[in-house]
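Student: Input: one structure, supplied below.
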Amino acid sequence: MSYQVLARKWRPRSFETLVGQEHVVRALTHALTTGRLHHAYLFTGTRGVGKTTISRILAKSLNCEQGVTATPCGVCAACTEIDSGRFVDYVEMDAASNRGVDDMAALLEKAAYAPSRGRYKVYMIDEVHMLTGHAFNAMLKTLEEPPAHMKFILATTDPQKIPVTVLSRCLQFNLKQMPQTHIVEHLSNILGQEAVPFESGALRHIAKGANGSMRDALSLLDQAIAHGAGKVEEEGVRDMLGTVGEDHLFELLDALQAQDIGALIAVADAMEARSLSFESALQEFATLLHRVALVQFAPQAIADNFERERLAPYAAAFDAEFLQLAYQITIHGREELALAPDEYTGFTMSLLRLHAFRPETPGSAARALTAPVATQAPLRPVAAAATPVVPARPVAAAPQSVQEPPPPWEDEPAPATQVAAPPPPPVPAAVAAPVALAGAADWLAQIQASGVGGMVRELAQNCEFLGLEGSVLSLRLAPAHRHLMAMPSNLAKLQEALSATQGRPLRVNIEVAEPGSQTPAQRKQEIRQARQADAVAALESDPFVQELIERCDATLVESSVKPLGEAE
């Protein structure tokens, strides 16, 4: 007897054996049990999730010799002939190859006649979105008021291409992609009944490669059995799929945690030696970083206890901000592989970025950037070679409050409308001459002197300066920019940088309310708009441009004009 592929041999033949589509099974079962049967059903979903399988089970439920039932017997003539594709009253039509109006007219002409053997004539049209507009129009009337003995089942992977006039006449079910756990369980059951030895890790790789398609998973399983000479082993499946094993991914995490650049490159070399996909490696590593971040913020989202326990040490070892940055570096590195000289270079460059942006200790990188002195070690400034921060405008003398002791933070609760950073650490005595901050006009110079960047700079520039009393710096942030306060570290870094430029510990209070005066960001935008308007006016008054507009009926696109020397 000829070999039958697993995808056909193990196709579900009843609702009870269908995997992963419980919501569809529940609705159809209730409809069959109560007799509330619709005349047209539309099943949508990606390939291999069970659209045709559910259609055949539904056809058996409607035509089983035991009567309309949610549990067809599977042994009567109608059930067995539908399973084998020989039942005269069940027709499967592929709209990809029979998409014209003539094909639809021929089908509808046959549908007018009573069933030959069954209770209902069931017409299943696969990839229905491929029908032409005329074919859809031809079926509309029949689809709206079909004969009592006729049922339509439409299936598609792209419901957006189906006319709304057709959608409104169908009962629509969206079939989900199969979860990996469901695929692994189903494959384990099949291999157990087939008496094929297997490793669980191999099935997880197959489930990932199937991308939610049970049919693809079964096809890959067939290939894995042939590749492994009757066995399904993890190493063989990895070689077959060209995927990166978990050992490589966790070696990357270990090397990042140890800040061992040599170990990172060694992983890349080992992958190149085995001709593994660097694109797949970055994809899988991004997924792993996502799982570690989940353990940090929502450990209950990891259902597998073994996985949660394995990832817990990494969740504790890595800073939450670094994980977010590492995720961004990884996914952008995957996008840039095509632009790299070769994939190995692109992959190792992504690893170098991950290492470069991994600080030795939390906050050390920020202190190294904002400290106004040369350093020999991450946290120890050299006083003799200190280079003073140049103020934005001349300052007669440094403030006399440098020696003022910090106020008792515990005894001064911040108002409900304010956000206060925790007290900063003491500033070293060797800090250079401080930058003056006597009024709102000095606030922009203070931001520039602090050396902050990124989100911290955005936070500072969108704040209105309210005043500096003793060691408390008061700012006001518009509610529209409240999101800049979402990460407490932004405020802490701003406070640390301002303390360094002032030469004394400061506490920064930010009040969330509409500013009463112009913020540095608003001033910067105003200047940019004025320069833009001047540049546009200069072009419009240029004789050559005027002549070009008149002769060629051209239009000056103002948004494309950039002032010379404009800073980003």
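The values are calculated or read from the model by the stated rules, or taken from the named source; none is laboratory data. Predicted model, so just to flag it, every value in this text is computed and none were measured. Here Cβ is always computed from backbone atoms with ideal geometry, including for glycine, and neighbour counts include all displayed protein chains.
Student: Filter the stretch 85-120 down to the residues that are within 42 Å of the chain's Cα centre (by Cα) and among the acidic types (Asp, Glu), then identify the one that is surrounded by the fewest Cβ atoms within 10 Å (Cβ to Cβ).
Tutor: Result: Asp94.
Student: If you don't mind, there's one more thing I want to ask. Could you identify the single residue in Phe347, Phe306 that is in a helix (DSSP H, G or I) and either at pLDDT 90 or above or assigned by TED's automatic domain parsing to the domain that holds Ala492 (or both)?
Tutor: On inspection, the qualifying residue turns out to be Phe347.
Student: Right, here's the next one. Kindly list the number of the only condition in (1) in a helix (DSSP H, G or I); (2) within 14 Å of Ala521 (Cα to Cα); (3) touching a strand residue (DSSP E or B) at 6+ places or on another chain (Cβ under 6 Å) that fails for Leu444.
Tutor: Single failed check for Leu444: (3).
Every residue, every condition in (1) free of Cβ contacts under 8 Å to residues at least 24 places away in the same chain; (2) within 19 Å of Tyr327 (Cβ to Cβ), yes or no:
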site	(1), (2)
Val237	no, no
Gly242	no, no
Asp269	yes, no
Phe278	no, yes
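Student: Restricting attention to the stretch 145-165, which residues are in contact with a strand residue (DSSP E or B) (Cβ under 8 Å, 6 or more places away or on another chain) and among the aliphatic types (A, V, I, L, M)?
Tutor: Within the stretch 145-165, Met150, Ile153, Leu154, Ala155, Ile162 meet the criteria.
Student: Which residue pairs have Cβ atoms under 7 Å apart, sit 6 or more places apart or on different chains, and have a first residue in the stretch 84-109 that is in contact (Cβ under 8 Å) with a residue 12 or more places away in the chain and a second that is of a type in the set (Val, Ile, Thr) and part of a loop (DSSP other than H, G, I, E, B)?
Tutor: Partner pairs satisfying both residue conditions: Arg99/Thr132; Gly100/Thr132; Val101/Thr132.
Student: I'd like to check something: does the stretch 172-179 contain any residue that is under 23 Å from Ala27 (Cα atoms), in contact with a strand residue (DSSP E or B) (Cβ under 6 Å, 6 or more places away or on another chain), polar (S, T, N, Q) and crowded, with 18+ Cβ neighbours inside 10 Å?
Tutor: No, the stretch 172-179 contains no residue that is under 23 Å from Ala27 (Cα atoms), in contact with a strand residue (DSSP E or B) (Cβ under 6 Å, 6 or more places away or on another chain), polar (S, T, N, Q) and crowded, with 18+ Cβ neighbours inside 10 Å.
Student: Quick check on the stretch 256-283: of everything there that is in a helix (DSSP H, G or I) and of a type outside the set (A, V, I, L, M), which residue is surrounded by the fewest Cβ atoms within 10 Å (Cβ to Cβ)?
Tutor: Gly262
Student: Still on this structure, please answer the following. Given the criteria in contact with an Asp or Glu (Cβ under 8 Å, 6 or more places away or on another chain) and part of a loop (DSSP other than H, G, I, E, B), does Gln546 qualify?
Tutor: no
Student: Could you tell me which residue of the stretch 69-84 is nearest to the chain's Cα centre (by Cα), considering only residues that are in a helix (DSSP H, G or I) and not polar (S, T, N, Q)?
Tutor: Applying the filter and picking the extreme gives Asp83.
Student: For the condition surrounded by 16 or more Cβ atoms within 10 Å (Cβ to Cβ) and not in a helix (DSSP H, G or I), what is the one hit in Leu28, Leu32, Leu37?
Tutor: Leu37
Student: Looking at (1) of a type outside the set (Gly, Ala, Ser); (2) modelled with pLDDT under 90; (3) touching a helix residue (DSSP H, G or I) at 6+ places or on another chain (Cβ under 6 Å), can you tell me which one Met1 breaks?
Tutor: Single failed check for Met1: (3).
Student: Spot the failing condition for Gln546; the list is (1) under 38 Å from the mean Cα position of the chain (by Cα); (2) more than 25 Å from Gly467 (Cβ to Cβ); (3) not acidic (Asp, Glu), and only one is missed.
Tutor: (1)
Student: Hey, another quick one. Checking Lys562 against (1) within 30 Å of Pro434 (Cβ to Cβ); (2) surrounded by fewer than 11 Cβ atoms within 10 Å (Cβ to Cβ); (3) of a type in the set (D, E, K, R), only one condition comes out false. Which one?
Tutor: So the condition that Lys562 fails would be (1).
Student: Does Pro543 fit the bill of being at pLDDT below 85, of a type outside the set (S, T, N, Q) and surrounded by fewer than 17 Cβ atoms within 10 Å (Cβ to Cβ)?
Tutor: no
Student: Hey, can you tell me all the residues within the stretch 203-239 that are surrounded by fewer than 20 Cβ atoms within 10 Å (Cβ to Cβ) and aliphatic (A, V, I, L, M)?
Tutor: Ile225, Ala226, Ala229
Student: Any residue in the stretch 130-146 that is part of a helix (DSSP H, G or I), β-branched (Val, Ile, Thr) and at pLDDT 90 or above?
Tutor: no
Student: Another question about this same structure. Is it fair to say Ala270 is closer than 23 Å to Met487 by Cβ and out of contact with any Pro (no Cβ under 9 Å at 6 or more places or on another chain)?
Tutor: Taking the combined requirement at face value, the residue does not satisfy it.
Student: Check whether at least one residue in the stretch 92-106 is under 22 Å from Cys170 (Cα atoms), assigned to a loop (DSSP other than H, G, I, E, B) and modelled with pLDDT of 90 or more, and report yes or no.
Tutor: Scanning the stretch 92-106 turns up no residue that is under 22 Å from Cys170 (Cα atoms), assigned to a loop (DSSP other than H, G, I, E, B) and modelled with pLDDT of 90 or more.
Here's the yes/no breakdown for (1) charged (D, E, K, R); (2) over 28 Å from the mean Cα position of the chain (by Cα); (3) assigned by TED's automatic domain parsing to the domain that holds Met93:
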{"site": "Ile125", "(1), (2), (3)": "no, yes, yes"}
{"site": "Gly133", "(1), (2), (3)": "no, yes, yes"}
{"site": "Ala148", "(1), (2), (3)": "no, yes, yes"}
{"site": "Asp158", "(1), (2), (3)": "yes, no, yes"}
{"site": "Val166", "(1), (2), (3)": "no, yes, yes"}
{"site": "Arg169", "(1), (2), (3)": "yes, yes, yes"}
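Student: Now a separate question. Please indicate, with yes or no, whether at least one residue in the stretch 40-52 is under 19 Å from Ile162 (Cα atoms), in contact with a strand residue (DSSP E or B) (Cβ under 9 Å, 6 or more places away or on another chain), in a helix (DSSP H, G or I) and in the same structural domain as Ile162 (by TED's automatic domain parsing).
Tutor: yes
Student: Got at least one residue in the stretch 292-312 being touching a residue at least 40 places away in the same chain (Cβ under 8 Å) and touching a helix residue (DSSP H, G or I) at 6+ places or on another chain (Cβ under 6 Å)?
Tutor: no
This table checks each residue for (1) surrounded by 16 or more Cβ atoms within 10 Å (Cβ to Cβ); (2) over 16 Å from Phe152 (Cβ atoms).
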residue: Ile54; (1), (2): yes, no
residue: Ala59; (1), (2): yes, no
residue: Thr69; (1), (2): no, yes
residue: Asp83; (1), (2): yes, yes
residue: Val122; (1), (2): yes, no
